[in-house]
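Novice: I have a structure here, written as structure tokens, and I will follow up with some questions on it.
The values are calculated or read from the model by the stated rules, or taken from the named source; none is laboratory data. Bear in mind the structure is a predicted one, so any value in this text is a computation, not a measurement. So basically every Cβ, Gly included, is an ideal-geometry build from the backbone, and we count neighbours across all protein chains shown.
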Amino acid sequence: MPEFKFSANAYIAAAKAISLNAPGCVDAAFDILAKDVQQQIDAPKRKWYHLKRGTKYVENDRAKIQIATTPPVEGDVVVVYRGENGDVYCRKQEEFEDGRFKEII
């Protein structure tokens, strides 16, 4: 999942829409932010070539790794998640599912 950080212009436009306190203003603000995210999705993705393997890759995202136990090794499954601040993190699956997170339903 790509990392989305709203542009300053999108934040300002959304805040102005909400400040109107009129019917539909929240929907208008959401539409402004959704358009900003869509522009980021549509942006060209960085492509990489692995020099040793000779394989090509498309970069989807960058994340801050969170490790509470042993360091990850090749083949470990990680969960990639986004904080309320927009930062993207990844954590080993067993750490993510060990009870420190609770799914919101």
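Novice: Quick one: in segment 67-90, which of the residues that are assigned to a strand (DSSP E or B) and modelled with pLDDT of 80 or more is nearest to residue 33 (Cα to Cα)?
Specialist: Only one residue tops the list, namely 81.
Novice: Could we say that residue 60 is at pLDDT below 80, in a loop (DSSP other than H, G, I, E, B) and exposed (fewer than 10 other Cβ atoms within 10 Å of the Cβ) here? Don't jump to the end; show me each part of the working.
Specialist: Numbers: at pLDDT below 80: yes; in a loop (DSSP other than H, G, I, E, B): yes; exposed (fewer than 10 other Cβ atoms within 10 Å of the Cβ): no.
Taking the combined requirement at face value, the residue does not satisfy it.
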